[in-house]
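Working notes, beginning with the structure itself.
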Amino acid sequence: MTTAPAGASLDAPALRRRVAALVETHDPATTDQREFLAARFDAGLAWVHFPEGEGGLGAPRALQAVVDQEFERLGFVPTGREGLVIGLGMAAPTILAFGTPEQRARYLKPLYTGEEVWCQLFSEPGAGSDLAALGTRAVRDGDTWVVNGQKVWTSLAHRADFAILVTRTDPDVPKHKGMTYFVCDMSAEGVDVRPLRQLTGEAEFNEVYLTDVRIPDSQRLGAEGEGWRVAQTTLMNERVAIGGHPEPREGGLIAVAAHIWRTRPELRTPGLHDALLRLWVEAEAARLTKERLRQQLAVGQPGPEGSAAKFAFSRLNQEISGLELELLGEEGLLYDDWTFRRPEGVSLAARSPGFHYLRSKGNSIEGGTSEILRNIIAERVLGLPGEIRVDKDVAWKDLPK
Amino acid sequence: MSEKRLDLLYTEVEQELRASVRSLLEDKSPPSAVLARVEGDQVTDTALWKELAGIGVAGLPVPEELGGAGASLRESAVVAEELGRSVAPVPFLGSAVLATAALLEAGAGDDVAALASGEAVGALAVPLATPPGAAFPEAVRAEDGALSGTVTGVVDAVAADVLVVPAAGPEGPGLYVVEAAAARVTPVVTLDLTRPLAEVAFDGSAARRVASGAAAQEALRRALVTGAALLSAEQLGVAEWALDTTVAYAKTRHQFGRPIGSFQAVKHRLADLWVAISQARAVVRSAASAAATARQDPGDAEAAREAEVNAALAQAFVSGVAVKAAEEAVQLHGGIGFTWEHPAHLFLKRAKSDSIALGTADRHRLALGRLVDLPAAGSD
Ligand SMILES: Cc1cc2nc3c(=O)[nH]c(=O)nc-3n(C[C@H](O)[C@H](O)[C@H](O)COP(=O)(O)OP(=O)(O)OC[C@H]3O[C@@H](n4cnc5c(N)ncnc54)[C@H](O)[C@@H]3O)c2cc1C
């Protein structure tokens with residue numbers, strides 16, 4: 001392994017050299033993917049802004065794009081990572097920010113290589129947008145915590161080895177103050193995962209019952225009562241990942257509709273033409289916005305536009321997939337498969353137009369509803385005053401439920 | 001990394017230019033002054049235009065050897081944003097954008113110097129509502145070096161010293177330069193109080209041809225494409241003023257014992273507007289960069305096509321955003337927003353007029369359909 005002295009200047013050329021050195025010793029064409037990723041982690045090229053020894057080099061975050069691009073250029077694009085979104089996107093940054101050295105050493109590497117899958121035990125039947133209302137109880141018993149409650153809409157719980165879990169540890173204080181955050185072993189006794197069938201027919205998500213689940217205190221992330229602050233870090237990372245590469249024009253779902261239009265002249269009507277062109281314009285505007293954000297990140301000036309990207313794409317996907325069905329007319333009356341099954345991650349392209357339409361309805365609910373995102377933009381970006389709150393100074397146990 | 005990728009950010013130089021234009025406009029042309037001016041008989045603020053020209057604004061994309069600043073259309077776009085933000089009544093669009101672009105594209109560099117320095121004001125004699133893809137105009141006839149005919153809705157003709165006129169004649173289409181004094185320029189009452197339009201009539205007016213045939217057609221089309229790209233930057237500025245002003249008002253205006261900006265019905269509308277304006281900014285930067293790239297290398301057909309696609313996209317997208325922003329500004333200000341005294345109406349009138357100028361969004365969508373191979377119904 002090539003290791004430059006700590007503190008050596010880490011600019012784009014230096015990182016490209018490190019990538020080249022890694023590829024030299026581990027030919028991606030012949031090395032097993034997981035082994036390659038482990039080597040990449042050890043070389044500090046997993047997420048360059050993480051500390052040395054924890055998958056990074058302490059480099060500026062903006063340089064990650066350089067590394068990703070370079071690996072891609074050299075022909076190494078890891079596959080089958082759809083199931084890792086929660087681990088990579090949410091658990092990792094939270095563990096980095098709040099984990100003890102032991103926790104970081106234990107979880108980060110297998111999370112990165114894909115050896116261990118993660119899920120997010122946040123939402124509950126009574127706590128969705130208002131996550132801080134959650135009621136899953138954790139009670140201390142010596143060196144362990146005993147957890148009881150129910151979580152819901154948990155994507156990937158059936159495949160996950162670990163979960164990030166938020167619980168209520170003190171019901172006598174206002175809701176934001178009495179929460180504690182844990183890493184939960186999904187194979188622990190008392191964790192019961194049951195599939196929840198969604199309107200597409202399949203089950204990406206689950207309900208998870210937690211009955212007397214014992215979690216060692218060494219798996220607590222952040223201090224007791226600090227769960228809300230830790231959860232904020234997780235949620236801040238739950239947004240559209242901005243890749244290192246520019247997306248081409250017609251890169252998203254609009255390509256599907258445009259293809260139908262080009263190849264099926266018999267389906268064309270003037271009204272659909274205008275509707276398609278309107279959405280083409282919207283899709284191109286959204287793509288350029290994402291590209292501008294990418295350029296801002298690359299020069300180290302992230303803009304608040306990031307918070308709008310997910311919001312814009314969910315609306316766009318819904319409208320395009322709706323038009324796709326109308327465009328197809330009679331064929332739009334059909335559906336590919338209602339079988340109740342477990343998908344391997346969301347692959348829109350592989351499924352029928354009816355699935356595109358139905359699945360995209362979840363886009364404006366998962367990861368914060370569009371209404372909540374509008375609140376966030378209005379309050380945090382535009383600085384408008386917050387809602388009048390009726391729940392701030394009331395003990396959690398006294399809130400109407 | 002492909003060199004063709006467009007830079008969507010603002011450079012430091014562009015930000016400096018923005019700051020100096022903004023401070024000049026804030027100082028010399030605040031909304032109250034614009035409001036007072038539009039009620040007088042000379043709407044165009046020629047003194048302000050001279051000052052703007054003094055900092056190079058009139059000749060930004062004009063090469064230095066032709067008396068310009070040797071900058072690019074990206075810088076022009078930044079100025080257009082600021083002019084939109086202030087609805088300053090200066091002949092930027094007519095003279096520094098449309099007439100200058102037509103002359104440059106026609107290879108008539110010698111005629112550009114006076115416009116680039118701000119000594120003279122130019123106007124392109126086509127109706128402002130003309131989209132880039134329109135057929136070459138035939139309203140004016142050219143015969144034996146003289147023009148006859150009438151063009152309606154010409155932007156900045158009222159203040160113009162020089163007119164660039166597309167005209168048809170026995171030798172086909174041509175682009176001509178005419179002294180404004182040789183034409184009859186009659187101002188009309190406009191929806192947009194801050195942007196004068198005029199009817200321009202020629203009756204045997206002496207004219208000099210600067211381009212003919214296909215070259216004249218191409219020069220006009222490219223000038224209109226450039227105009228469409230830069231107009232979108234102005235529209236962005238209009239939208240930004242509307243959002244900023246309305247957000248500020250929503251924080252201070254109280255009803256029901258709380259700021260109106262704490263009501264979710266208000267908040268969500270402003271959040272939607274902010275998202276749309278963020279997108280508009282990316283689209284406008286893309287259009288400005290594509291226009292600049294095409295200008296740099298006039299022989300590059302792919303660059304010319306990208307400029308067209310981006311300009312049509314920008315008009316199709318940003319027109320609606322600017323109108324929406326101005327309409328929301330009026331609504332969310334309540335009664336005061338409906339008064340003559342409050343400047344919101346200046347921006348509403350500019351936004352709505354801009355959405356028609358150089359082609360409505362609908363026409364630009366149709367143009368896109370042709371450009372990106374999404375043909376209309378009934379064609380295979
Ligand atoms: C496909 C999918 C996958 C998911 N995966 C996970 C997962 O892996 N882990 C996990 O923890 N959760 C997951 N979720 C849950 C998701 O985060 C919640 O569904 C979401 O936060 C909304 O909460 P809720 O369902 O309780 O709806 P509610 O919060 O009850 O919302 C109902 C409606 O009220 C609106 N509303 C609520 N509060 C306000 C307000 N203050 N202002 C205006 N409108 C408001 C909402 O926008 C919505 O329209 C998933 C959801 C979906 C659809």
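Against the test of being closer than 16 Å to B:Gly94 by Cβ, assigned by TED's automatic domain parsing to the domain that holds B:Val200 and buried (at least 24 other Cβ atoms within 10 Å of the Cβ), the options B:Val178, B:Val154 yield a single qualifying residue, B:Val154.
Scanning segment B:180-213 for residues that are without any contact (Cβ under 8 Å) to a residue 24 or more places away in the chain and out of contact with any strand residue (DSSP E or B) (no Cβ under 6 Å at 6 or more places or on another chain) yields B:Ala181, B:Val189.
Among the residues of segment A:329-368, those identified as within 16 Å of the ligand (Cβ to nearest atom) and within 14 Å of chain B (Cβ to nearest Cβ) are A:Ser364, A:Gly368. Over 28 Å from A:Ala46 (Cα atoms), part of a helix (DSSP H, G or I) and out of contact with any strand residue (DSSP E or B) (no Cβ under 8 Å at 6 or more places or on another chain): does that describe A:Leu279? The answer is yes for A:Leu279. Does at least one position in segment A:115-128 carry a residue that is surrounded by fewer than 18 Cβ atoms within 10 Å (Cβ to Cβ), within 16 Å of the ligand (Cβ to nearest atom) and within 14 Å of another protein chain (Cβ to nearest Cβ)? There is no residue in segment A:115-128 that is surrounded by fewer than 18 Cβ atoms within 10 Å (Cβ to Cβ), within 16 Å of the ligand (Cβ to nearest atom) and within 14 Å of another protein chain (Cβ to nearest Cβ).
When every residue of segment A:144-160 is checked against the conditions, none turns out to be within 11 Å of the ligand (Cβ to nearest atom), surrounded by fewer than 19 Cβ atoms within 10 Å (Cβ to Cβ), at pLDDT 95 or above and charged (D, E, K, R).
Tally time: how many residues in segment B:353-371 are more than 7 Å from chain A (Cβ to nearest Cβ) and over 30 Å from B:Pro196 (Cβ atoms)? Give the derivation first.
Taking segment B:353-371 as the starting set, the residues that turn out to be more than 7 Å from chain A (Cβ to nearest Cβ) are B:353-364, B:366-367, B:370-371.
With over 30 Å from B:Pro196 (Cβ atoms) added as a condition, the list becomes B:370-371.
Of the residues in segment B:353-371, 2 are more than 7 Å from chain A (Cβ to nearest Cβ) and over 30 Å from B:Pro196 (Cβ atoms).
Condition check for A:Ala163 on (1) of a type outside the set (Phe, Trp, Tyr); (2) closer than 30 Å to A:Pro51 by Cβ; (3) within 12 Å of the ligand (Cβ to nearest atom); (4) in contact (Cβ under 8 Å) with a residue 60 or more places away in the chain: one failure, at (4).
Here the condition is being more than 14 Å from B:Asp244 (Cα to Cα) and either more than 9 Å from chain A (Cβ to nearest Cβ) or crowded, with 19+ Cβ neighbours inside 10 Å (or both); of B:Ala326, B:Ala311, it holds for B:Ala311 alone. Determine whether segment A:387-396 contains at least one residue that is in a helix (DSSP H, G or I), away from the ligand (no atom under 14 Å from the Cβ), surrounded by 18 or more Cβ atoms within 10 Å (Cβ to Cβ) and in contact (Cβ under 8 Å) with a residue 24 or more places away in the chain. Yes, some residue in segment A:387-396 is in a helix (DSSP H, G or I), away from the ligand (no atom under 14 Å from the Cβ), surrounded by 18 or more Cβ atoms within 10 Å (Cβ to Cβ) and in contact (Cβ under 8 Å) with a residue 24 or more places away in the chain.
Of the residues A:Arg137, A:Arg104, A:Arg81, which is within 30 Å of A:Pro400 (Cβ to Cβ), more than 14 Å from chain B (Cβ to nearest Cβ) and away from the ligand (no atom under 16 Å from the Cβ)? Before you say what the answer is, go through the steps one by one.
Values: A:Arg104 fails: within 30 Å of A:Pro400 (Cβ to Cβ); A:Arg81 fails: within 30 Å of A:Pro400 (Cβ to Cβ).
The match here is A:Arg137.
The values are calculated or read from the model by the stated rules, or taken from the named source; none is laboratory data. All of these numbers come straight from a predicted model, not from anything done at the bench. Here the Cβ is made from the backbone with ideal geometry for all residues, glycine too, and neighbour counts use every protein chain on show.
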